[in-house]
1. Considering only protein heavy atoms and a 1.4 Å probe, what is the carbon-and-sulfur percentage of the accessible area of the range 301-378?
2. Counting each pair of different Cα atoms once, what's the Kirkwood radius of the range 7-114 in Å, rounded to one decimal?
3. On alpha-carbon atoms, Rg over Rh for the range 108-167 using Kirkwood Rh?
4. Loop only per DSSP, at most 16 neighbouring Cβ atoms within 10 Å: give me the chymotrypsin sites (Phe, Trp or Tyr not before Pro) in the range 255-363, ordered by residue number.
5. Alpha carbon centre of the range 257-327 versus the range 352-378: separation in Å?
6. Would you work out the charge dipole size for the range 269-375 about its Cα centre, treating the Cβ of every Lys and Arg as +1 and the Cβ of every Asp and Glu as -1, and quote it to the nearest 20 debye?
7. Using a 7 Å offset from the Cα along the Cα-to-Cβ direction at both residue 192 and residue 15, what is the distance between the two label points in nm, to one decimal?
8. If the only charges are +1 at each Lys and Arg Cβ and -1 at each Asp and Glu Cβ, what is the size of the charge dipole of the chain around the Cα centre, to the nearest 20 debye?
Amino acid sequence: MDFTLDAKQQELVNLAKEIAQKEIAPRALDIDKSGVMDPELLKILKQSGMTQLAVPKEYGGAGLDLLTGAMISEELAKGCAGTATVCAANSLASFPILFAGSDEQKKEYFDCLNNGGIACFALTEPGAGSDAGAVSCKAKKVDGGYVLNGTKCFITNAPICDKITLFANTRESGGIRGLTVFTVDRNTPGVSIGKEEDKMGIRASATSEIIFDDCFVPTSARIGREGMGFRIAMQTLETSRPVVGAISVGIAQAALENAIHYAHQRKQFGQKIASFEMVQEMIANMVTKTEAARALVYKACWLKMQGDKRASMFSAMSKCFASDTAMEVTTTAVQVMGGNGYSRENPNEKYMRDAKIMQIYEGTNQVQRLVIANEALY
Ligand SMILES: Cc1cc2nc3c(=O)[nH]c(=O)nc-3n(C[C@H](O)[C@H](O)[C@H](O)COP(=O)(O)OP(=O)(O)OC[C@H]3O[C@@H](n4cnc5c(N)ncnc54)[C@H](O)[C@@H]3O)c2cc1C
């Protein structure tokens, strides 16, 4: 396995690091408190290409591979996981277009992203979470296109989106075989944004319902064939799960660095708490697990890039292990800082709240374990 980056790739990772340190981290606590993304920061992310990480070279993008994209996501997440999620959700929404869109569809879609467009991936519904096959949003075939009806919920970026990558069912009876992907412009008549979630963490990223009410889209809005949606969704999630792993590693790394810094400053019983063996044990476990999570994320990306058949299992393992690690490391980081760790004056309690969603979205960690066990056993 070779994780070496070329000069261009390294330059982009360095740029993400610089943006995270200079632009994201200083704003992170304020954005977390207000729950509203800073428009100036969003502009910086768009102008620096951070919202276009999945755009291929032939459509005007940087043409990044999955590993470089993951490394960039880790850097952004060190500054703020919610902000990294805004960018990662643009990639998540792009993958179905990338995998199954026509040349014209790609051109139109990626032009929008290159011009600062924001996209969202709309699969989840009130009655269809882990069970993606239960999608009830309907796409009824009519003359020249489809009429969409239904409600999506918990959709990242929906309140600020320009493009929606929608999963709807073309079969009256529903089921996996009717699941079909559409690319829908936010301003299409019949599309409205519903209730916005007031979330525990990743508060820089806006999450809401999207309602489709007799919304007509032309046949040219369909991505791939009718019934291909489930396969496209699984292919998309398999590709994006290591990115969730990378964001988790970024959160863990930030919490770890904060805890180490504190352990060197804080004195009790006349000495720095870093000299206590039980504090050292906490730090040692945090460092080890964070490094192990990063290694698994890199390997999952690398296998996916090689088209290796183990990619699906490693993708699930990387998301599952890295997010469990982020939860554990951030909780321990609060412990290292004692009462100060529990205060909203410093970022460790935010890291802990941000880490929790990594175990839930893009398939809960229970679902990841089902994938892993299935691959390992059969
Ligand atoms: C902040 C946030 C952002 C999100 N962004 C998006 C987005 O951009 N696009 C999108 O489409 N969705 C998004 N989601 C939805 C997310 O992917 C789902 O919440 C997630 O897949 C779980 O579905 P659910 O909430 O319906 O939980 P449920 O499926 O109801 O699960 C509840 C519990 O049951 C367990 N469970 C369910 N089925 C099984 C099983 N077969 N075996 C064992 N345990 C099981 C789960 O692990 C969980 O613990 C987002 C969610 C949140 C909270």
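1. Values: 2160 of 3730 Å².
Roughly 58 percent, rounded to a whole number.
2. Details: mean 1/r = 0.0708 Å⁻¹.
Across the range 7-114, the inverse of the average 1/r is 14.1 Å.
3. Result: Rg/Rh = 1.03.
4. Counting only loop positions with at most 16 other Cβ atoms within 10 Å, the chymotrypsin sites (Phe, Trp or Tyr not before Pro) in the range 255-363 are 269, 276, 342.
5. Each part reduced to its Cα centre gives a spacing of 17 Å.
6. Dipole of the range 269-375, to the nearest 20 debye: 300 debye.
7. With each label placed 7 Å out from Cα toward Cβ, I get 4.0 nm.
8. On the way: 41 positive and 43 negative charges, 76 e Å.
So the magnitude is around 360 debye.
The values are calculated or read from the model by the stated rules, or taken from the named source; none is laboratory data. Predicted model only: the values in this text are computed from it and were never measured. Glycine also receives a Cβ, built like all others from the backbone with ideal geometry; neighbour counts cover every protein chain displayed. Accessible surface areas use protein heavy atoms only, side chains included; no ligands, DNA or RNA. Shrake-Rupley method; radii C 1.70, N 1.55, O 1.52, S 1.80 Å.
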